[in-house]
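Each remark here refers to the structure printed beneath this line.
Where a number appears in this text, it was derived from the coordinates with a stated rule and is not lab data. Because the structure is a prediction, the values reported are computed rather than measured. Here the Cβ positions follow ideal geometry from the backbone for every residue, glycine too, while neighbour counts run over all protein chains shown.
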Amino acid sequence: MTETNLKIPYHIGIIMDGNGRWAKSRGLPRHVGHTNGAKAMQRIVEACKKFGVKILTAYAFSTENWARPKEEVDFLMNLFAKYLKTQADKLIENKIHFKVLGDKSRFSKEIQDSMIKLENDTKDFDEFYLNVAMNYGAREEILKAVREISTDVKNGNLSIKDINADVFQSHLYTAGQNDPDLIIRTSGEQRLSNFLLWQCSYSEFYFPKIHFPDFDEEQIKLAIEEYTKRDRRYGKV
Ligand code: FPP
């Protein structure tokens, strides 16, 4: 683990919650909330880059979200497909390193191909990293690491005494990246919902009441201001 105590969080994780409530409060169908959530996500990427954040991890779709009504899942899949197609040039132009956190295999071939292409096209950029967690679940991610490490031990490529936090981290989707300094969840809920459970051991948390579609640069500024007031001790005095 790399300890950071910078004024600007190096890595922000965001749980983009409240799209449905945002829409409901305006008498609109839920999908309008998701469309506006996608616009808010673009604003947040720009704001984080502008303020000097290095990594943004946005939680777009959890392993549990497949249980939503089919029409909502279908709408989100179309939104993701559209995002991957329409945002590709912009991400490349802005030198943003794009990465999917999660198991891609459950998505359509079209979405998987777009994800892989965008990851490949942006893999050499190192100014700003955008991780989008899709079909992501932290428990699934931890189990994947356990399976891979067990296989290495079984095949004689790793001895049990050498299993440590660094080895474990190298099997996570966030391999090689600093842990999040700040985790934001919008819309007032105060829970993690299976997001970055290993990586958030020393993260600071921030729970603004605002729904995600209303989240913007000013809100990111407030979150960073709040973060600067925290005293991170990493278990020390
Ligand atoms: C949570 O709000 C939101 C989601 C499960 C979907 C998140 C998706 C986006 C923000 C769209 C943008 C993403 C990409 C990659 C383009 P909710 O539906 O749970 O809201 P509620 O709790 O108010 O019902």
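Kirkwood hydrodynamic radius computed over region 5-71 comes to 13.5 Å, based on all pairs of distinct alpha carbons.
Sorting TYR129, TYR234 by the number of Cβ atoms found within 10 Å of their own Cβ, with the fewest placed first, yields TYR234, TYR129.
Using θ = phi - 60° in the Karplus curve 6.51 cos²θ - 1.76 cosθ + 1.60, the 3J(HN,Hα) couplings for region 224-232 round to 5, 4, 4, 4, 5, 7, 7, 10, 8 Hz; x is entered for Gly and Pro.
Could you give the length gained by full extension between ASP121 and ARG230, i.e. 0.36 nm per residue of separation minus their alpha carbon distance, to one decimal place?
Values: separation 109, 0.36 × 109 = 39.24 nm, distance 3.72 nm.
Going from the current span to full extension adds 35.5 nm.
Close amide-amide hydrogen proximity is noted between ILE55 and HIS11, ILE12, TYR129, each under 5 Å apart and 5 or more residues distant or on a separate chain (H modeled in the peptide plane; Pro and chain starts excluded). Couplings 3J(HN,Hα) of region 198-215, computed from phi: 6, 6, 8, 3, 10, 6, 8, 10, 9, 10, x, 6, 4, 6, 4, x, 8, 6 Hz, in residue order, whole Hz [Karplus 6.51 cos²θ - 1.76 cosθ + 1.60, θ = phi - 60°; x for Gly and Pro]. About the centre of its Cα atoms, region 1-104 shows a dipole size close to 340 debye [charges on the beta carbon of Lys, Arg (+1) and Asp, Glu (-1) only; nearest 20 debye].
Taken along its principal axes, the alpha carbon cloud of region 168-237 reaches lengths of 37, 30, 20 Å, longest axis first. The value given for the chain is a Kirkwood hydrodynamic radius of 18.7 Å, derived from the mean inverse Cα-Cα separation. Sorted largest first, the spans of the alpha carbon positions of region 132-203 along the three principal axes are 48, 22, 18 Å.
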